[in-house]
Amino acid sequence: MDDIDDLDDIVEAFLVESHENLDQFDRDLVELERDPSSHELLSSVFRTLHTIKGTSGFLGFAVLESVTHVGESLLSRLRDGETTLSPRTTTVLLEMVDAVRALLAQIEQTGSEGDDDYAALVARLTAILDGDDTSTTTTTSANDELVPVPAAATQQSVGASPWGAAPPQNGLVHADDLAIALAEREFAEPPQPATRTSDDRGYGGVDGSTDNGADDGTLRGVGPDTAVTAPTPRTETRRPVADSSIRVDVALLDSLMNLVGELVLTRNQMLQRAATREDVELQRTTHRLNLIAGELQEGVMKTRMQPIDHVWSKLPRVVRDLSVTLGKAVDLRMEGRHTELDKTILEAVRDPLTHLVRNAVDHGIEDCERRRLAGKPEQGTLLLRAFHEGGQVNIEIADDGAGIDPEKLRAKAVTRGMLTTESAAAMSDREAINLIFSPGFSTAAAVTNVSGRGVGMDVVKTNIEKIGGSIDLTSVVGAGTTVRIRIPLTLAIIPALVVSAAANRYAIPQGNLLELVRLEPEQAQAAIETVHGTPVYRLRGRLLPLVHLREQLELPVAEHATTYIAVLQADDRQFGLIVDDIKDTEEIVVKPLGTQLRAITLYAGATIMGDGQIALILDAMALARRAGITLEGAGTASAAAAGAVSSARAALLVVALGDGRRVAIPLDAVDRLEEFPAGRIERVGSHEVVQYRGQILPLLRLDDALHAYGEGTATGTTQVVVCRSDGRLVGITVAAILDIVEDELAVRSHLDSGGRQGSAVIGQHVTELVDIGSAVATINPELLTPLRAG
């Protein structure tokens, strides 16, 4: 390999570490010569050489391994007291160090060990090992060092030797002579052509012949029959790999990061002040400061970035040991192992990732016999995948195991007293699966040294959210489970959107921001619908729940001519945050909150703005929870701590049937709300369909499933709730769409007419609860049958 960038990461790390170890070896060996009885020094030099030998053998560097192996054997005898250190032994060991350095240099430059012969050195080491401390092939003083000479050099005449007057001896040359010769070659004037003759016929020899730019690679000298090889054109030297890195204490990097953060704050203040003044020189200087501060910030942040493989590299052993213990066969695959994270975040996700991998092997992937009976390959697959997206890092842990059965989770929650039977039955599958993040919850049949104590998944979720991340779990029974984690690249300096509410400024991390919407008064009136006091914005045909920032901050709501909506993402849910104004986007330095504000969960931290004032950083996840947008069981977890829960909170779409009855559909099953003219509805046999987004959308009348026989309304259009059932889109036709509610289903009954979920009081009306999958199966079970290929 011709360039350091082409070096394998492992080889490069080996070269850096080996050079550092050899420097320590030199110092220890010289000190050991003064104090041969020091067992500590003997152990140190032995460990150093043992490390180099072991790694060189692992990497397939046979010559390096053979040289260090003999040296290790000699040091082993010295350490064990079988022989004593003599000046001659020290000299030969130092020769070995020089030989190792030469081999490392050769590996760095070419990727291989080259053709140099170290047999003479190995012979001297072996002779001392055999008890002959006097036999040598070369006489040197205690301070002499020998280095290998390329084989071609030993075949040249003395006059043509690149080593000067000191010819090579047995493939070795004195290091001092070599250093002098190399220095002379390095700093000498460029080679001059032979003396020009008086007849001005060009550069010629004594025979008068001319040779202007001979192509044979030689220059004619002044002496007869002498020729030296033309020097190779000098190329730009590059820094050796041993000098290309330096070890730095993490505390120093943290200190530098803090200083850069303060510089960014000062930079922001300068930019804001310069923008208000008509001073060209000040603006030019500030612009230059902005560029330098940005480059410095990027450079310091890069020093803290590490590939996620630093964590993943430990997981193959974890999977292997756990598979053997449990009698399973698991194929661990990794994608995106070079994805980089801030070191602080990397350390924070180390334990959660390990726990999730252990869970996947223990709970997810079945043993060989069960997989064979299920028609699966006996070897299970566990995939780890990492990638950058939207300024964040996404990590996926996916297995092809048995999956998680939501019915078992509901039953377990009822058995443990975490839920009542009614509230468990009212939970969606998504809510039931997220019970796994509740404290003390476990699906293990028995407590083992691997799992079953109910400690772990709640801690995983807590630790991920502490660093501003989110975790989501999806599972298909019999097909496997996927855990998705989204975490920020860094916690120190982040890009953010600055908004205002009631003259106060707030920062929203751009990792949570999807888009911005500005509505003029007439647009807001047409696009924002208020259903029973709940504002909803129809964004590109999809309902987006709206949250007023002023309401969440318990400030009086004021009317504004223009409506600004920041569309945010919380877990896999989206909502619109209505703010007074949108100021700007800028990089902010995250500061922890004081003890007085830490109990307020709406804030993830604070920052100092360009004018020196403080702005609080909003926590999108906390906003969504407080507004009732997310459903992943925040109420369930708190109820579990209390021991029981008497009701379940649910987000529902309320519709009307033809006979006037009210029906509620889980909002997480709803994909879109549509309205189709009667002319667009077609028939396939006895089935109603409509062409919808490049596919044929089957239409099912909810009246038929729930035995409603009213006449409905004749409006010329059909109200359709587009839902997902087993991954397929199905259009559910209803008489009218009434409301979207987020309510506690406190008053429940098992009575219904086919919805399979009973009924409840919603908005002071008795409303039937419908399971879409059951409704589809009742109306047309053929829709659940997979399409046949061909």
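Okay, residues lined up against (1) in contact with a helix residue (DSSP H, G or I) (Cβ under 7 Å, 6 or more places away or on another chain); (2) open to solvent by 40 Å² or more (accessible area, probe 1.4 Å); (3) modelled with pLDDT of 80 or more:
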position	(1), (2), (3)
Gly576	no, no, yes
Glu586	yes, yes, yes
Leu593	no, no, no
Gln596	no, yes, no
Gln613	no, yes, yes
Arg625	yes, yes, no
Ala639	no, no, no
Ala642	no, yes, no
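Which of the residues belonging to the range 250-285 are touching a helix residue (DSSP H, G or I) at 6+ places or on another chain (Cβ under 9 Å), charged (D, E, K, R) and under 21 Å from Val300 (Cα atoms)?
Matches in the range 250-285: Asp254, Arg267.
Tally up the residues in the range 374-388 that are touching a residue at least 60 places away in the same chain (Cβ under 8 Å) and surrounded by fewer than 16 Cβ atoms within 10 Å (Cβ to Cβ), please.
2
Give the range 10-19 a look and list any residue that's modelled with pLDDT under 80 and small (Gly, Ala, Ser), or say none.
Ala13
Any residue at all in the range 387-409 that is small (Gly, Ala, Ser) and within 25 Å of Ser759 (Cβ to Cβ)?
Scanning the range 387-409, I find no residue that is small (Gly, Ala, Ser) and within 25 Å of Ser759 (Cβ to Cβ), so the answer is no.
Cβ contacts < 9 Å: first residue under 16 Å from Ile508 (Cβ atoms), restricted to the range 546-557; second residue of a type in the set (Asp, Glu) and in a loop (DSSP other than H, G, I, E, B), any location; separation 6+ or different chain. Result?
Leu549/Asp580; Arg550/Asp580
Kindly establish whether Glu65 is open to solvent by less than 60 Å² (accessible area, probe 1.4 Å), charged (D, E, K, R) and modelled with pLDDT of 85 or more.
Considered against the rule, which asks whether it is open to solvent by less than 60 Å² (accessible area, probe 1.4 Å), charged (D, E, K, R) and modelled with pLDDT of 85 or more, Glu65 comes out as no.
Is at least one residue of the range 83-102 within 14 Å of Glu17 (Cβ to Cβ) and either more than 36 Å from the chain's Cα centre (by Cα) or open to solvent by 50 Å² or more (accessible area, probe 1.4 Å) (or both)?
For the range 83-102, residues within 14 Å of Glu17 (Cβ to Cβ) and either more than 36 Å from the chain's Cα centre (by Cα) or open to solvent by 50 Å² or more (accessible area, probe 1.4 Å) (or both): present.
Name the residue, out of Leu22, Leu49, Leu29, Leu41, that is at pLDDT 80 or above, open to solvent by 20 Å² or more (accessible area, probe 1.4 Å) and over 27 Å from Asp309 (Cα atoms).
Leu41
In this structure, does Arg724 turn out to be within 24 Å of Gln574 (Cα to Cα), modelled with pLDDT of 80 or more, open to solvent by 10 Å² or more (accessible area, probe 1.4 Å) and under 38 Å from the mean Cα position of the chain (by Cα)?
So Arg724 fails the test.
Looking at (1) open to solvent by less than 50 Å² (accessible area, probe 1.4 Å); (2) under 30 Å from Ile762 (Cβ atoms); (3) modelled with pLDDT of 85 or more, which one does Met418 not meet, given that it meets all the others?
Only one criterion in (1) open to solvent by less than 50 Å² (accessible area, probe 1.4 Å); (2) under 30 Å from Ile762 (Cβ atoms); (3) modelled with pLDDT of 85 or more is unmet by Met418, namely (3).
Name the one entry in Thr303, Thr286, Thr344 that is among the hydroxyl-bearing types (Ser, Thr, Tyr) and touching a Ser or Thr at 6+ places or on another chain (Cβ under 9 Å).
The match here is Thr344.
If you check Asp739 against the conditions, is it under 27 Å from Gly628 (Cα atoms), in a strand (DSSP E or B), modelled with pLDDT under 80 and within 43 Å of the chain's Cα centre (by Cα)?
no
Step by step: first the residues of the range 441-458, then only those that are at pLDDT below 80 and open to solvent by less than 30 Å² (accessible area, probe 1.4 Å), then the one that is nearest to Val319 (Cα to Cα). Which residue is that?
Residue satisfying both the conditions and the ranking: Ser451.
Is the range 347-356 home to any residue that is over 30 Å from Gly478 (Cα atoms), assigned to a helix (DSSP H, G or I) and of a type in the set (A, V, I, L, M, F, W, C)?
Yes; the residues of the range 347-356 include at least one that is over 30 Å from Gly478 (Cα atoms), assigned to a helix (DSSP H, G or I) and of a type in the set (A, V, I, L, M, F, W, C).
Could you check, for the range 395-415, whether at least one of its residues is charged (D, E, K, R), buried (at least 22 other Cβ atoms within 10 Å of the Cβ) and part of a strand (DSSP E or B)?
Checking the range 395-415: at least one residue is charged (D, E, K, R), buried (at least 22 other Cβ atoms within 10 Å of the Cβ) and part of a strand (DSSP E or B).
Looking only at the range 100-108, decide whether some residue is closer than 20 Å to Asp130 by Cβ and in a helix (DSSP H, G or I).
no
The values are calculated or read from the model by the stated rules, or taken from the named source; none is laboratory data. Please read all numbers here as calculations on a predicted model, not as lab measurements. No Cβ is skipped: glycine too gets one built from the backbone with ideal geometry, and neighbour counts run over all protein chains shown. To get the accessible areas, we keep the full protein, side chains included, count just its heavy atoms, and leave off ligands, DNA and RNA. Shrake-Rupley method; radii C 1.70, N 1.55, O 1.52, S 1.80 Å.
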